[in-house]
1. Could you give the length gained by full extension between Lys95 and Asn123, i.e. 0.36 nm per residue of separation minus their alpha carbon distance, to one decimal place?
2. Between the helical axis of 51-60 and the dominant principal axis of the chain, each derived from Cα atoms, what acute angle in degrees is found, rounded to the nearest 10?
3. In a GNM of the chain with a 10 Å cut-off on Cα contacts, which of Ile49, Ile40, Ile70 has the highest mean-square fluctuation?
4. Taking the Cα centre of the chain as the origin, how large is its charge dipole in debye, to the nearest 20, when only Lys and Arg (+1) and Asp and Glu (-1) carry charge on their Cβ atoms?
5. Any idea what angle helix 3-13 forms with the longest principal axis of the chain, computed on alpha-carbon atoms, 0 to 90 degrees, nearest 10?
6. Whole-Hz Karplus ³J(HN,Hα) for the range 101-116, in order, using 6.51 cos²θ - 1.76 cosθ + 1.60 and θ = phi - 60°, x for Gly and Pro?
7. Could you report the chain's accessible area per residue, 1.4 Å probe, as an integer in Å²?
8. If you line up the long axis of helix 78-87 against the longest principal axis of the chain, both from Cα atoms, how many degrees apart are they, to the nearest 10?
Amino acid sequence: MTSRHLTVLTAALEPSGYEILAVPNGATPEDRRQGTASLILLDVMMPMIDGLETCRRLKQDAVTRDIPVIFITARDETKTVVAGFQAGAVDYVTKPFRAEEIVSRVETHLEISRLTRELQRKNQELQAEMERRANGRNGLEKMRNEKLSRAFRS
């Protein structure tokens, strides 16, 4: 992304409380704060390693795998849009973009991400409860079978 686009994105997102971390290209050694990012905006066309490869690498890394990626780019050919989604992006916005649209999409994807994490947490809790109950049932059945076995032996 050009510095002008980064300035527009920063001006649109920071007033809404978003912290922006701009990385100049896909080959930059990963900033450790990236693991705490809530969402990543990428351009398809970046120096050294393009955005598609950067996205693929992010999706292979356990630290960044679940962070939503949105492409913001001038490339709007169907082939490139499809490649962006195949690389792991959740959205694709073409330039020129409107700041309000970016803010709205960021908010939407952050909410989807939050709800997904909440659903995963609740599913884990439910699974643990099901296992706890199954273990309890198994224990009760074992005790009942032992009692029945003793009763028949008597």
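The values are calculated or read from the model by the stated rules, or taken from the named source; none is laboratory data. Because the structure is a prediction, the values reported are computed rather than measured. As a convention, Cβ positions derive from the backbone with ideal geometry for all residues, glycine included, and neighbour counts pool all protein chains shown. Surface areas here come from the heavy atoms of the whole protein model, side chains and all, with no ligands, DNA or RNA. Shrake-Rupley method; radii C 1.70, N 1.55, O 1.52, S 1.80 Å.
1. Going from the current span to full extension adds 6.2 nm.
2. 20 degrees
3. Ile49
4. Charge dipole, the chain, about its Cα centre: 1220 debye, nearest 20.
5. The angle comes out at about 50 degrees.
6. Using θ = phi - 60°, the values come out as 5, 5, 4, 5, 5, 4, 4, 4, 6, 5, 5, 4, 4, 4, 5, 5 Hz.
7. 68 Å²
8. Orientation of helix 78-87: about 40 degrees from the principal axis.
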